[in-house]
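Asker: This is the structure I want to talk about, given as C-alpha cells.
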Amino acid sequence: MQNTAACTRPDLPWEGRGTNLDISGCRFSLYPMDDRFISIILDSLQKTDTSAVWGGSDALSTVYRGKLAYVADAVRGLFVNAYRPDVHMALEGQFSKGCPGDTDGDSYLFENQPPPNQPRVQDKHFSVLCKIALYPLGCENYIDHIAYVYQLAESMGLHPASIHYATRISGDVHVVFDYLEEVCAYMQEVAAHYVLTFTVSVNSPTEERN
C-alpha cells in the first residue's frame with residue numbers, strides 16, 4: 001500500500017549556518033609507503049611553516065584553514081618536505097570553500113605576507129602523478145567549469161587525461177600544486193561552494209613514463 005502521508009522536511013542542524021568569511025580549507029592524509037612513515041610524517045610536519053593557517057590533526061587526517069594562498073602553500077610545503085627519492089608516497093585530500101555548514105571558527109585570516117613555505121621548497125623538483133575530481137556545487141553549468149579547468153591543465157603542460165570519475169594530470173610537483181591553487185582560485189570566483197578532491201603520488205612502482 002502506497003504511503004500517502006505528507007513528507008515534511010525536518011529542521012536540519014546546519015540550517016542558518018555558514019560563513020561569509022574568506023575561509024578556504026584543505027583536509028588531507030599523507031601516506032608514505034615505508035616503514036619509516038612515522039618519522040617521515042613527523043619530520044614533514046615539523047619543517048612545514050603553518051604560522052599563516054589554522055591547523056588540526058586527528059587519527060585520520062590533518063586540516064588547514066585560512067586564506068587560500070596560505071592553505072595551498074602549507075599543503076605544498078608538507079608534501080615536498082615529506083618527499084624521499086626512494087619512497088612511494090601519496091597525498092589524498094580535498095580543497096573546499098563555501099559549504100553552507102561551515103562556521104566562522106577554526107580559521108586564521110590575518111596574515112598578509114608572502115606564503116612562507118614556497119621559498120623553502122621551491123628548489124626541490126620531482127615529477128608526480130595526480131588525479132582530481134571537481135565538484136562545483138549549486139552551478140547549473142557545472143560541466144563548463146570542469147571543462148575550463150581541464151583546458152587550464154592543458155595550458156600548463158600537465159597532460160590531462162579523462163579517466164572514470166576523475167581527471168589525471170602529471171608534471172613537476174610545483175606546477176601541479178600551482179594548478180590546484182589556480183583551480184581553487186577560479187572556483188572561488190564562479191561558484192558559491194565547491195569541492196576539489198585530489199590524490200598526488202610520487203615514486204609509484206606502477207608509474208607510467210610520458
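The values are calculated or read from the model by the stated rules, or taken from the named source; none is laboratory data. No experiment lies behind these values; they were computed from the predicted model shown. Positions of Cβ are generated from backbone atoms using ideal geometry, with glycine treated the same way; all protein chains shown enter the neighbour counts.
Asker: With the condition kept exactly as written, say whether any residue in region 167-182 is of a type outside the set (Asp, Glu), in contact with a Ser or Thr (Cβ under 6 Å, 6 or more places away or on another chain) and touching a residue at least 12 places away in the same chain (Cβ under 8 Å).
Answerer: For region 167-182, residues of a type outside the set (Asp, Glu), in contact with a Ser or Thr (Cβ under 6 Å, 6 or more places away or on another chain) and touching a residue at least 12 places away in the same chain (Cβ under 8 Å): absent.
Asker: For residues in region 39-54 being among the small types (Gly, Ala, Ser) and surrounded by 18 or more Cβ atoms within 10 Å (Cβ to Cβ), which is nearest to Arg84 (Cα to Cα)?
Answerer: Ser44
Asker: Please go through region 160-210 and pick out each residue that is in a strand (DSSP E or B) and within 11 Å of the chain's Cα centre (by Cα).
Answerer: Scanning region 160-210 gives Val195, Leu196, Thr197, Phe198, Thr199, Val200.
Asker: Here is a further query. Given the condition in a strand (DSSP E or B), buried (at least 19 other Cβ atoms within 10 Å of the Cβ) and modelled with pLDDT of 95 or more, answer yes or no: does some residue in region 138-158 qualify?
Answerer: Looking for residues that are in a strand (DSSP E or B), buried (at least 19 other Cβ atoms within 10 Å of the Cβ) and modelled with pLDDT of 95 or more, one finds none in region 138-158, hence no.
Asker: Continuing with the same structure: Hey, can you tell me all the residues within region 176-201 that are under 16 Å from Gly77 (Cβ atoms) and of a type in the set (Ser, Thr, Tyr)?
Answerer: None; the set is empty.
Asker: Being under 18 Å from the mean Cα position of the chain (by Cα), closer than 22 Å to Asn20 by Cα and surrounded by fewer than 17 Cβ atoms within 10 Å (Cβ to Cβ), is that true of even one residue in region 122-137?
Answerer: yes
Asker: Let me ask something else. Quick test of your reading of the structure: Gly93 fulfils all but one of (1) in a helix (DSSP H, G or I); (2) under 17 Å from Phe198 (Cα atoms). Name the failing condition by number.
Answerer: The one condition Gly93 does not meet is (1).
Asker: Right, next: Please work out if Val63 is over 18 Å from Val183 (Cα atoms) and either touching a Cys at 6+ places or on another chain (Cβ under 8 Å) or surrounded by fewer than 21 Cβ atoms within 10 Å (Cβ to Cβ) (or both).
Answerer: Yes; evaluated as a whole, the condition is true for this residue.
Asker: Report the residue count in region 113-142 for those that are under 17 Å from Ala185 (Cα atoms) and out of contact with any strand residue (DSSP E or B) (no Cβ under 7 Å at 6 or more places or on another chain).
Answerer: 3
Asker: Among the listed residues Pro115, Pro100, which satisfies the condition of being at pLDDT 95 or above, assigned to a loop (DSSP other than H, G, I, E, B) and more than 20 Å from Arg168 (Cβ to Cβ)?
Answerer: Pro115
Asker: Return the pairs, sorted by first residue and then second, in which the second residue is buried (at least 18 other Cβ atoms within 10 Å of the Cβ) and among the hydrophobic types (A, V, I, L, M, F, W, C), the first residue lies in region 98-125 and is under 12 Å from Asn81 (Cα atoms), the beta carbons are less than 7 Å apart, and the residues are 6+ apart or on different chains.
Answerer: Asn117/Ala74; Val121/Val80; Lys124/Val80; His125/Val173
Asker: Sticking with this structure for a sec: For region 69-106, enumerate the residues that are among the basic types (Lys, Arg) and either out of contact with any Leu (no Cβ under 8 Å at 6 or more places or on another chain) or surrounded by fewer than 19 Cβ atoms within 10 Å (Cβ to Cβ) (or both).
Answerer: Arg76, Arg84
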